[in-house]
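The values are calculated or read from the model by the stated rules, or taken from the named source; none is laboratory data. This is a predicted model, so every value here is computed, not measured. Glycine also receives a Cβ, built like all others from the backbone with ideal geometry; neighbour counts cover every protein chain displayed.
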Amino acid sequence: MQHLWAPWRMEYILEADDHSPDGCIFCSLPRAQADRDNLILRRGRRVFVILNKFPYNPGHLLVVPYTHTAELDDLVPDELTDLMLELRRAVGYLRRGMNPDGYNVGINLGRTAGAGIPGHVHYHVVPRWDGDYNFMPIIAETKVIPQHLLRTYDQLAPLFQEAERPDPA
């Protein structure tokens, strides 16, 4: 088996182990007010949308409540409603901006379930295309991402930031 050295991952792994709001990227990035640098596509009243810095595919989004919690039970009904509405909007904007053939939408609760940042609940939206599979993950255990993150951001940001948005769903 080949080894692909990715020393930048250690910083990500260590950040993900911090369960306090002060060390949580989903708490600190929105406070920074540097949306393009931090890949924040949209800010809502109770939730925001951010590109995944380590995507499975171009357009891999995260829909995140501002409330720092690992549990869905800790979110108030308005936050849960905003999560679902923003999730629906995100799928609509991905449809308009990238035209995928399908989507994986999910949430991982707890590290054992696959949560990379288990201290702050968030939804994943992964656009999928009929031709997005190739031999690299199977043969080389490597995922090829065919588009730079900032290119994806620039492609999607205008859709998420429209002044008057009719519901795209």
*Can you name the number of the only condition in (1) closer than 22 Å to residue 161 by Cα; (2) surrounded by fewer than 20 Cβ atoms within 10 Å (Cβ to Cβ); (3) modelled with pLDDT of 95 or more that residue 74 fails?*
(1)
*Do you know which residues across region 19-33 are of a type outside the set (A, V, I, L, M, F, W, C) and either in contact with a strand residue (DSSP E or B) (Cβ under 8 Å, 6 or more places away or on another chain) or assigned to a strand (DSSP E or B) (or both)?*
30
*Here is a list of conditions, (1) within 25 Å of residue 161 (Cα to Cα); (2) touching a Leu at 6+ places or on another chain (Cβ under 9 Å); (3) free of Cβ contacts under 8 Å to residues at least 60 places away in the same chain; (4) loosely packed, with under 15 Cβ neighbours inside 10 Å, and residue 109 meets all of them except one; can you say which number that is?*
(1)
*Condition broken by residue 36, with the remaining ones in (1) without any contact (Cβ under 8 Å) to a residue 40 or more places away in the chain; (2) within 16 Å of residue 161 (Cα to Cα); (3) outside any loop (DSSP other than H, G, I, E, B) satisfied*: (1)
